[in-house]
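A.B. asks: I have a structure here, written as structure tokens, and I will follow up with some questions on it.
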Amino acid sequence: MIAKNAGRALGLILLNLLGLATQTQATLPPLPPTPEIQIRLPRSDRFVLDNGMVVYFMENHDLPLLHLKAMVHTGDVYDTPEKIGLASLMAIVQRSGGTKHYAPEQLDEELEYMAISMGTTMEEESGGLSLTSLSQHAEKAIDLFTEVLRFPVFDKGKLEIERNKTLEEIRRRNDEPRQIVRRESYRILYGPKHPYGWRPEISTINNISREDLLQFHRTYYHPNNTLLVVAGDISKQKLVQELNRTLGDWKKTEVKLATVPPVKPETHKQVYLFSKPINQASLRFIQFGLKRHDPDEFNLEVLNEILGGGFASRLFSRVRSRQGLAYSVGSRYTKPSDWGSFFVTCGTKNESAVKAAREIFKNLDEIRQKPVAREELSYGKGSLMNSFVFNFTTPFNIAEQQANLEFYGYPSDYLETYLHHIKRVQSADLLRTAQKWIKPESMAIVVVGNPKKFDQPLTTLGPVKEMPLD
């Protein structure tokens, strides 16, 4: 799914903390047939400014709040090999580095005085700017929002502050084993020369100049390359008036996105060991997965929920709850514009690392060989369908989800038909999908831990390559 199920995740975390999520698969009560659930969402008001900017607007006066979010077609994938980290650094200093009409300290003071929250983001394939304000400050809030969006100056002093913070993060990036596993698994899967596998280095961060930030912004930040989401206590007439006032002279410009090299989905079973003298081991079993818009998306979502997506999943109930082999275990998949990934993560003590890995592979093999039982199928579909509503808890959430569809190229009725697609998934679909997309024989196994304390040699899992922690 496009949205991050924050409500669902929070609920699961609370259950875990309370110790209520320890029932095994065998003790799950029989579930009735999945009910026919329908969802009817109010439609955002979609309109396009003269300069090509698409706006999704949801008017709501329940609370005196205003939310804005700009989504820009850009991202970390448009860094260059010599300046990896440029896009992310640009986004940080875009907010902290002042604008054409506001020095950095003045901008901070204005935002603080009116209790306005503003932040920037940079992800693989998108960049963003968001703001939340009391509606009584709507005009000033929109002023400041569009200033940061259009006219960042990237103050040199602020750039150096953020550069030094980033350099310190690089120096400390091997402190946390889970971060090592996450970062290095993508680097191993996609290779260090593909943007999906890049990581910033001290040299690439030091290569970045203020002019680089300005040029990156000039390249991608244009109205016809930006989608705006607005929701809250403001009328459409007032909003259009303010957008024309602040964005009316922002001219449409041809945007040519840089070419991202295609992913070559080639991998083989190999253990990659990052030796670290710690008491616990972090493992990730990773392989290539599907691309965005793949027709198997709904099948894989249900399959993943059953395998390792929740506290009643196979991996959690068997590997963690029943056998006590892991502190945490679960599965996930990503779906970028090119080949994504499917992976299982596991946190365990060193003394059970290999046994836990074997049990994980046993479950991966089983879900590829045997059809999912009716009870599990009902659980998987019901869990996804029941949690779906938490994506739409506020008017802004609704507008944002609908805007995401256009931004990422999904059909406009995706949200309305999502439940139907999940409900129609059958056990035979899951078996076919598992056999197609889950390939234990070609998974890379990334391990961070102390090999002197492992219960068995890692060579029992496959050929081992020792990796440097640099």
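Throughout, read-outs are computed from the coordinates displayed, never taken from laboratory work. For clarity, every value in this text was computed on a predicted model and none was experimentally measured. No Cβ is skipped: glycine too gets one built from the backbone with ideal geometry, and neighbour counts run over all protein chains shown.
A.B. asks: Of [x] 60, 58, 43; [y] 65, 54, 41; [z] 73, 57, 35, which one was derived for Cα extents along the principal axes in Å from the structure shown?
C.D. replies: [y]
A.B. asks: Expressed in whole Å with the largest first, what are the equivalent ellipsoid semi-axes of the range 262-466 derived from the C-alpha gyration tensor as the square root of 5 times each eigenvalue?
C.D. replies: Numbers: eigenvalues 206, 70, 57 Å².
Over the Cα atoms of the range 262-466, the semi-axes work out to 32, 19, 17 Å.
A.B. asks: Using a 7 Å offset from the Cα along the Cα-to-Cβ direction at both His61 and Tyr327, what is the distance between the two label points in nm, to one decimal?
C.D. replies: Those two pseudo-labels are separated by 5.3 nm.
A.B. asks: Nearest 5 is fine: what % of DSSP beta bridges in the chain come out antiparallel, could you say?
C.D. replies: Numbers: 46 of 61 bridges.
Here the antiparallel bridges make up roughly 75 percent for the chain.
A.B. asks: Return the lysines within reach of Lys251: Cα separation strictly under 18 angstrom, same-chain partners fewer than 8 residues apart disregarded; answer none if there are no such residues.
C.D. replies: Filter leaves Lys100.
A.B. asks: How much net charge surrounds Thr267 when only other residues with a Cβ under 12 Å from its Cβ are counted (Lys, Arg +1; Asp, Glu -1)? Write out the running numbers ahead of the final one.
C.D. replies: Details: positive: Lys264, Lys269, Lys439; negative: Glu266, Glu441.
So the environment of Thr267 carries a net charge of +1.
A.B. asks: I would also like to ask the following. Can you give the longest run of the chain that contains no GluC sites (Glu not before Pro) sitting in a DSSP loop with at most 12 other Cβ atoms inside 10 Å?
C.D. replies: Of all site-free stretches, the longest is 37-253.
A.B. asks: If you don't mind, another one. Over the residues of the range 45-247, compute the C-alpha Rg and express it relative to 2.2 N^0.38 Å.
C.D. replies: The range 45-247 yields a ratio of 1.10.
A.B. asks: Below 21 Å, Cα to Cα, which lysines can Lys370 reach? Residues fewer than 8 away in the same chain don't count.
C.D. replies: List returned: Lys362, Lys381, Lys423, Lys436, Lys439.
A.B. asks: Could you tell me which trypsin sites (Lys or Arg not before Pro) in the range 223-263 are loop residues by DSSP with no more than 12 other beta carbons within 10 angstrom of their beta carbon?
C.D. replies: Sparse-neighbourhood loop trypsin sites (Lys or Arg not before Pro): Lys251, Lys256.
A.B. asks: How many nm separate the modelled label positions at Lys362 and Arg199, each set 7 Å beyond the Cα in the direction of the Cβ?
C.D. replies: 3.2 nm
A.B. asks: Right, another one. What trypsin sites (Lys or Arg not before Pro) does the range 377-445 have in DSSP loop regions with at most 14 other beta carbons within 10 Å?
C.D. replies: Of the trypsin sites (Lys or Arg not before Pro), the ones in loops of the range 377-445 whose Cβ has at most 14 other Cβ atoms within 10 Å are Arg424.
A.B. asks: What's the whole-number percent of alpha carbon pairs in the range 144-271 lying beyond 19 angstrom?
C.D. replies: Roughly 68 percent, rounded to a whole number.
A.B. asks: If you don't mind, there's one more thing I want to ask. Of the trypsin sites (Lys or Arg not before Pro) in the range 87-160, which ones lie in a loop per DSSP and count no more than 10 other C-beta atoms within 10 Å?
C.D. replies: Answer by residue number: Lys100.
A.B. asks: Contact order normalised by length for the range 313-470, with contacts defined as Cα pairs under 8 Å and 6 or more residues apart; what percent is it?
C.D. replies: Details: 125 pairs, mean separation 41.9, N = 158.
Relative contact order comes out at 27 percent.
A.B. asks: On full extension of the chain, what length is gained from Ser275 through Lys291, given 0.36 nm per residue of separation minus the C-alpha to C-alpha distance?
C.D. replies: Length gained, Ser275 through Lys291: 2.5 nm.
A.B. asks: Separation of the range 199-259 and the range 386-457 by C-alpha centroid, Å?
C.D. replies: 29 Å
A.B. asks: Express in whole angstrom the spacing between the alpha-carbon centres of the range 37-74 and the range 340-361.
C.D. replies: So the separation of the two Cα centres works out to 42 Å.
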